[in-house]
Every structure is written in structure tokens, then in C-alpha cells.
Amino acid sequence: MHTCEHLALVQDPPPRTPQGCEECLSTGMRWVHLRRCLSCGHIGCCDSSPGKHATAHYKETDHPVVASFEPGEDWRWCYIDNIIG
């Protein structure tokens, strides 16, 4: 079984924009689902959204783990190890 040290070391920062994706809100784009960066609290949209801002944030910052920011969902994803936790 593959393990991920990044999932074990995540923080729990407050969301920077609790009302939605930071970039989509500033440009007027729409999102499908939201993800919260567990390094800094950035809220970005998922890869099913036109902007794919959560993945773009990872590529810009190397912050490895996001969590679902959807009500009722409790999972995390590590971009580096491609593993859900």
C-alpha cells in the first residue's frame, strides 16, 4: 500500500474566500466544485471547472494537498503522490 507523507503533515488553515473560488470570483467565471489548499487556505475550483484554479494554484506554489470544500465531503488529495486520503 502506497503511503503519503504530505497527507500526514497537512495543516488546517481557514478558507481565504469562503464564498467561492478566488480566481473565478475575480473574473466572473463559474466553477463546478471547490477545493481548499491545506497549506494556505486558497479556495480554487476543481479540474471539471473551466478555470481549474486549484490545480493551477498547486503548480504555482507547490502546495501539495487540497481538501474538498463541498458540503458533506471529507477527503483530501495529494498532487505529488496522486493519492486520496
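Read the figures in this text as sums done on the coordinates, not as results from a lab. It should be emphasised that the depicted structure is a prediction, and the values quoted were computed from it without experimental measurement. Cβ sites come from the backbone with ideal geometry, for glycine too, and all protein chains shown count toward neighbours.
Check the range 45-62 and report whether any residue there is part of a strand (DSSP E or B) and either in contact with a helix residue (DSSP H, G or I) (Cβ under 6 Å, 6 or more places away or on another chain) or surrounded by 13 or more Cβ atoms within 10 Å (Cβ to Cβ) (or both).
Looking for residues that are part of a strand (DSSP E or B) and either in contact with a helix residue (DSSP H, G or I) (Cβ under 6 Å, 6 or more places away or on another chain) or surrounded by 13 or more Cβ atoms within 10 Å (Cβ to Cβ) (or both), one finds at least one in the range 45-62, hence yes.
Quick one: is residue 78 free of Cβ contacts under 8 Å to residues at least 60 places away in the same chain and among the hydrophobic types (A, V, I, L, M, F, W, C)? No: the conditions fail for residue 78. Checking each residue in the range 71-85 for being assigned to a loop (DSSP other than H, G, I, E, B), within 17 Å of residue 33 (Cβ to Cβ) and either polar (S, T, N, Q) or touching a Lys or Arg at 6+ places or on another chain (Cβ under 9 Å) (or both) picks out only 79.
Of the residues making up the range 17-31, those that are loosely packed, with under 13 Cβ neighbours inside 10 Å and either of a type in the set (A, V, I, L, M, F, W, C) or in a loop (DSSP other than H, G, I, E, B) (or both) number 4. Restricted to the range 34-83, and to residues there that are small (Gly, Ala, Ser) and over 21 Å from residue 8 (Cα atoms), the residue that is farthest from the chain's Cα centre (by Cα) is 72. Cβ separations smaller than 9 Å between residues 6+ apart or across chains give the following pairs from the range 20-45 residues that are free of Cβ contacts under 8 Å to residues at least 12 places away in the same chain to residues that are of a type in the set (Val, Ile, Thr) and assigned to a loop (DSSP other than H, G, I, E, B): 25/17.
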